1. Within region 40-74, work out how many residues are in contact (Cβ under 8 Å) with a residue 40 or more places away in the chain, in a helix (DSSP H, G or I) and open to solvent by 30 Å² or more (accessible area, probe 1.4 Å).
2. Looking at (1) surrounded by fewer than 22 Cβ atoms within 10 Å (Cβ to Cβ); (2) modelled with pLDDT under 90, which one does L164 not meet, given that it meets all the others?
3. Within region 201-216, is even one residue at pLDDT 95 or above, within 19 Å of W141 (Cα to Cα) and touching a Ser or Thr at 6+ places or on another chain (Cβ under 7 Å)?
4. So, E237, is that one of a type outside the set (S, T, N, Q) and at pLDDT 95 or above or not?
5. For region 63-104: of the residues being touching a strand residue (DSSP E or B) at 6+ places or on another chain (Cβ under 7 Å) and among the small types (G, A, S), which is modelled with the highest pLDDT?
6. Out of everything in region 118-161 that is among the β-branched types (V, I, T) and part of a helix (DSSP H, G or I), what residue ends up being most open to solvent (accessible area, probe 1.4 Å)?
Amino acid sequence: MTIASTKRPMAQVRDRVLDLIKSGDIDPDGRLPTERALADRFGVGRRFVRQALDALEAEGLVWRKQGKGTFAGQPSDPMGDLAARITGETNALEVMEARLCIEPELAALCAQRMGPDEVARLRTLAQRQLEATDAQAIELWDGSLHRLIAQCARNRPLLMAFSLLDTIRSNPDWVNLRSKSRDGASLQVTHNEHLAIIDAIAAGHAEVARTAMRDHLETRFAALQGDLHKASQRSGETFFVTATSAK
């Protein structure tokens, strides 16, 4: 579809790319179509597509990998992929228990180390998740927000531990399980909890940020337990989602 609007072409392309991401009409790994494909799709020159992607990258909404393309959200840490390959069996509840041990501390460190520009990117990611209309897009923005917090804590060992958990929980079966329990009300609760975390980080209140992250994860933990219980009742299978299904 050719873009026709009073907006500058670059701004129009930026909005269209965001709409594309929000709809979930991208590859499962978050990869966007090529610059040429986007130019053809929107009926504009590649220069405007490149400028739009540059702007989105500056906002922290997309990232690029040389030779691979442009991806929505925030990049996963390569150490996470390495760690995931040597991990023994686990299950969804164990992963959430581990997140409760690690992510509150990451949030507390962020309150001491995160810059204003990074906080602004967090707010943008939280808003994108709220506005997302597709389960895949919701997961993408949620993961990107938590990933940015982990990265901006600036502690490499903790980031590696987080990356391991992040890789495991991105398993499609677990993503599908989470998506079934999401509705407008639960997404608004998540958004409010994300804002509480971000506000504490922005204010530099480490203990408040730690508590806000813990409260958020405990809400998700309770929801996960309920989802797994319902799934086990329907199928007659074990209550846990095991690593065997995640491989």
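The values are calculated or read from the model by the stated rules, or taken from the named source; none is laboratory data. Source: prediction; values computed, not measured. Heads up, the Cβs are rebuilt from the backbone with ideal geometry, glycines too, and the neighbour counts pull from every protein chain shown. In case anyone asks, the SASA skips ligands and DNA or RNA and just uses the protein heavy atoms, side chains included. Shrake-Rupley method; radii C 1.70, N 1.55, O 1.52, S 1.80 Å.
1. Matching residues across region 40-74 total 2.
2. Just one mismatch for L164, condition (1).
3. Within region 201-216, none of the residues are at pLDDT 95 or above, within 19 Å of W141 (Cα to Cα) and touching a Ser or Thr at 6+ places or on another chain (Cβ under 7 Å).
4. The answer is no for E237.
5. Out of the qualifying residues, it is G69.
6. Residue satisfying both the conditions and the ranking: T124.
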